[in-house]
Amino acid sequence: MNAIGEGVYGVDLEGKATFVNPAAAQMIGWRSEELLGRSMHEVLHHSHADHSCYPKTQCPIYAAFKDGTVHRVTNEVFWRKDGTWFPVEYISTPIRDDRGQLIGAVVTFREITERKWAEAILHQMNEELEQKVRERTAKLRQANEQLKSLNEQQSRLVAMVCHEFRNPLNNILLAVSSLDRYTHYLTAAQKTEYLQSIQTNVDRMTSIIDDILVIGKAEANRLTPNFKAIDLVPFCRRLSQEMQAGTQHTIDFVCRHSSLMTEIDEKILRLILTNLLSNSIRYSPHCQQIQFKLMRQKQQITFQIQDWGIGIPPEDQPYLFEPFYRGRNASNIPGTGLGLSIVKQLVDLHQGKLQVKTRPGKGTTVRVLLDVRQIPINFSAASPARSIKF
């Protein structure tokens with residue numbers, strides 16, 4: 001016992017040391033002769049690692065010479081003379097005399113600090129690995145959902161393109177066929193009408209392609225605003241005239257200012273307002289009025305377009321800004337479902353806000369709020385509200 005590296009000590013039925021080998025004494029910081037006759041529980045097993053009391057009645061070492069069975073423990077601590085503790089594993093084996101009577105126990109223990117440290121490192125590495133697995137799984141799940149959503153969008157895109165291109169192409173084919181077969185029987189006015197039909201349908205398909213390209217560029221972060229100073233009042237007035245041309249609707253443009261200078265990307269603003277005005281015209285009854293307001297409040301420009309058309313059902317409103325999504329009450333009205341999606345992305349590009357209020361059968365009000373860029377801007381003094389109809 002003096003030669004082995006494990007700590008070994010014996011106790012009698014009172015738990016007092018009867019022998020202690022040098023390895024045991026060295027590990028707990030005592031001399032062997034100091035421990036003989038002392039209660040070993042009070043010396044090295046009196047408390048748990050959290051300093052709470054460890055009663056003798058619960059000690060497996062004492063239990064060995066009471067129940068006569070071997071007790072193996074792997075998760076306790078022994079205390080040194082200087083008041084520090086170290087993790088141990090130990091075996092408490094009962095000792096019997098020649099008549100088989102219990103006379104004490106022998107305890108063999110070893111310090112397992114390095115093993116506990118290795119177990120802690122392994123546990124930490126396992127937790128980090130599990131966390132990485134969870135994160136990677138979440139990313140894969142997200143990527144899978146995005147791929148699924150992308151596939152759905154692509155399917156809707158193909159269906160929409162096929163549907164939206166079929167009618168214009170059929171109209172173009174019909175016009176070309178008529179011009180070819182009946183050119184000698186058609187009047188100049190009829191030929192002009194066929195040519196205008198071809199141009200209108202080509203413009204419609206071009207518009208669809210342009211919308212798809214805008215969506216693609218926005219999602220690929222390839223749209224960069226090109227800010228320049230413009231006067232919003234004449235800009236909006238001209239745009240109202242352009243949008244009203246060829247329709248039976250009345251666009252009521254209202255602005256309290258005769259001039260409103262700011263820096264903005266003119267092309268992007270035109271896309272935003274064109275899409276909103278087109279929606280109001282498309283989803284409003286013929287000959288109905290559409291109100292277009294331009295307002296400035298402090299450092300914010302607001303464009304408000306209001307119609308009294310079919311509105312949007314409540315169940316469709318959560319999907320307003322999804323590409324190719326159309327309300328169920330608009331199935332018989334030509335459209336791609338890209339308008340509001342484009343507007344939302346372009347407004348976000350300007351770090352603005354987009355607000356939509358709508359009720360089925362009561363119409364829709366859309367507000368675009370853009371912050372005024374921090375540059376010298378000359379706002380004209382407010383004048384009485386003017387209503388300009390085109």
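Assess whether residue 137 counts as being surrounded by 10 or more Cβ atoms within 10 Å (Cβ to Cβ), among the β-branched types (Val, Ile, Thr), in a helix (DSSP H, G or I) and modelled with pLDDT of 90 or more.
Details: surrounded by 10 or more Cβ atoms within 10 Å (Cβ to Cβ): yes; among the β-branched types (Val, Ile, Thr): yes; in a helix (DSSP H, G or I): yes; modelled with pLDDT of 90 or more: yes.
Taking the combined requirement at face value, the residue satisfies it.
Just the residues that are without any contact (Cβ under 8 Å) to a residue 40 or more places away in the chain, surrounded by 10 or more Cβ atoms within 10 Å (Cβ to Cβ), within 18 Å of residue 73 (Cα to Cα) and not hydrophobic (A, V, I, L, M, F, W, C), please, taken from the range 95-127.
Hits for the range 95-127 are 113, 115, 116, 119.
Search the range 17-43 for residues that are loosely packed, with under 13 Cβ neighbours inside 10 Å and pair each with any residue that is part of a strand (DSSP E or B) when their beta-carbon atoms are under 8 Å apart and the residues are at least 6 apart or on different chains.
That search, which allows pairs on different chains as well, returns 37/16; 37/17.
What's the total number of residues in the range 31-58 that are within 15 Å of residue 11 (Cβ to Cβ) and more than 54 Å from the chain's Cα centre (by Cα)?
Filtering the range 31-58 down to residues within 15 Å of residue 11 (Cβ to Cβ) leaves 32, 35-46, 56.
From what's left, more than 54 Å from the chain's Cα centre (by Cα): 32, 35-44, 56.
Residues in the range 31-58 being within 15 Å of residue 11 (Cβ to Cβ) and more than 54 Å from the chain's Cα centre (by Cα): 12 in total.
Among all residue pairs at least 6 apart or on different chains, which show Cβ distances below 9 Å where the first residue, located in the range 162-187, is surrounded by 15 or more Cβ atoms within 10 Å (Cβ to Cβ) and the second is part of a loop (DSSP other than H, G, I, E, B)?
164/334; 164/335; 164/336; 178/186; 179/186
Taking the residues in the range 345-390 that are assigned to a helix (DSSP H, G or I) and open to solvent by 30 Å² or more (accessible area, probe 1.4 Å) as candidates, determine which candidate is modelled with the lowest pLDDT. Write out each step before concluding.
Restricting attention to the range 345-390, the residues satisfying the condition of being assigned to a helix (DSSP H, G or I) are 345-349.
Those still in the list that are open to solvent by 30 Å² or more (accessible area, probe 1.4 Å) too: 345, 348-349.
Working: 345: 84, 348: 85, 349: 81.
Among those that are assigned to a helix (DSSP H, G or I) and open to solvent by 30 Å² or more (accessible area, probe 1.4 Å), it is 349.
Out of all the residues in the range 235-258, which are out of contact with any helix residue (DSSP H, G or I) (no Cβ under 9 Å at 6 or more places or on another chain) and farther than 21 Å from residue 280 by Cα?
The one that is out of contact with any helix residue (DSSP H, G or I) (no Cβ under 9 Å at 6 or more places or on another chain) and farther than 21 Å from residue 280 by Cα: 256.
Please specify each residue of the range 75-93 satisfying the condition of being touching a residue at least 24 places away in the same chain (Cβ under 8 Å) and among the hydroxyl-bearing types (Ser, Thr, Tyr).
So the first thing to find is which residues in the range 75-93 are touching a residue at least 24 places away in the same chain (Cβ under 8 Å), and the list is 76-82, 85-88, 90, 92-93.
Result: 90, 92, 93.
With the condition kept exactly as written, say whether any residue in the range 285-296 is farther than 24 Å from residue 362 by Cβ and open to solvent by 40 Å² or more (accessible area, probe 1.4 Å).
Filtering the range 285-296 for residues farther than 24 Å from residue 362 by Cβ gives 296.
The next check asks that each one be open to solvent by 40 Å² or more (accessible area, probe 1.4 Å); those that pass are 296.
Yes: one or more hits.
Provide a single number: the residues in the range 72-86 that are in contact with a helix residue (DSSP H, G or I) (Cβ under 7 Å, 6 or more places away or on another chain), assigned to a strand (DSSP E or B) and surrounded by fewer than 19 Cβ atoms within 10 Å (Cβ to Cβ).
Applying the first criterion (in contact with a helix residue (DSSP H, G or I) (Cβ under 7 Å, 6 or more places away or on another chain)) to the range 72-86 yields 73, 78-81, 86.
Now narrow it down to the ones that are assigned to a strand (DSSP E or B): 73, 78-79, 86.
If we keep only those that are surrounded by fewer than 19 Cβ atoms within 10 Å (Cβ to Cβ) too, we end up with 73, 86.
The number of residues fulfilling the criteria is 2.
Give me a count of the residues in the range 93-126 that are out of contact with any Lys or Arg (no Cβ under 8 Å at 6 or more places or on another chain) and in a strand (DSSP E or B).
So in the range 93-126, the residues out of contact with any Lys or Arg (no Cβ under 8 Å at 6 or more places or on another chain) come out as 93-101, 104-126.
Narrowing further to those that are in a strand (DSSP E or B): 93-96, 104-111.
Result for the range 93-126: 12.
Of 268, 312, which residue is of a type in the set (A, V, I, L, M, F, W, C) and in contact with a strand residue (DSSP E or B) (Cβ under 6 Å, 6 or more places away or on another chain)? Walk me through it before giving the result.
Working: 268 fails: in contact with a strand residue (DSSP E or B) (Cβ under 6 Å, 6 or more places away or on another chain).
Unique residue meeting the criteria: 312.
The values are calculated or read from the model by the stated rules, or taken from the named source; none is laboratory data. Being a predicted model, the structure only gives us computed values, none of them experimental. Neighbour counts are summed over all protein chains in view; Cβ atoms, including those assigned to glycine, are modelled from backbone coordinates with ideal geometry. Only protein heavy atoms, including side chains, enter the accessible area calculation; ligands, DNA and RNA are left aside. Shrake-Rupley method; radii C 1.70, N 1.55, O 1.52, S 1.80 Å.
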